[in-house]
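Heads up, the thing below is written out as structure tokens.
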Amino acid sequence: MICPKCQHNNTKVLDSRETNSYKAVRRRRECANCHHRFTTFERAENNKFLVIKKDGTREAYDREKVEKGIWKACEKRKVTEGQITNIINSLEESWGGIGKEVPTKIIGQGIMEALKELDEVAYIRFASVYRQFRDLDSFKKELQKFSKKI
């Protein structure tokens with residue numbers, strides 16, 4: 001493993017433990033060169049599916065892309081890294097069960113449903129980008145739908 005601070009390739013593992021219900025291994029490492037400590041995660045690669053985009057093109061599923069979108073919606077909210085990791089792990093399991101190709105509509109809906117349970121503001125933020133609100137009226141309609149469900 002390469003040290004993120006000095007790029008040296010000799011690191012040692014200080015501690016290993018299972019996380020996320022034994023679905024991942026968390027390793028605490030130390031660089032032999034600069035003694036910088038950092039954490040890595042190892043998980044089974046079970047997210048081997050393609051995403052079918054709105055225009056019909058296909059691309060490999062990218063966990064980081066999903067995570068960045070969720071973090072953007074949760075910016076300055078009281079949401080923990082563990083909560084987001086659990087959401088993504090759960091969603092990936094359900095998406096992986098659909099098949100080798102998953103439409104972005106299903107991915108977006110899954111994220112919105114999870115955010116609705118987690119944080120109302122994050123849900124509205126994500127929905128505003130995902131549903132591409134063009135004006136204030138479409139935003140108001142989404143808020144009204146959300147308010148009725150509460």
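The table below lists the values:
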read-out	value
Residue that is in contact with a helix residue (DSSP H, G or I) (Cβ under 9 Å, 6 or more places away or on another chain), farther than 20 Å from K23 by Cα and free of Cβ contacts under 8 Å to residues at least 60 places away in the same chain, where the choices are I70, I87	I70
Residue match in segment 28-41 (condition: charged (D, E, K, R), within 30 Å of K116 (Cβ to Cβ) and outside any loop (DSSP other than H, G, I, E, B))	no
I124 being in contact with an Asp or Glu (Cβ under 8 Å, 6 or more places away or on another chain) and over 23 Å from E18 (Cβ atoms)	yes
Answer from Q83, Q109 - the residue that is under 30 Å from A44 (Cα atoms) and surrounded by 14 or more Cβ atoms within 10 Å (Cβ to Cβ)	Q83
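All of the numbers you see were taken from the coordinates with simple rules; none came from a lab. Predicted, not measured: the structure shown is a model, and the values here were computed from it. Cβ sites come from the backbone with ideal geometry, for glycine too, and all protein chains shown count toward neighbours.
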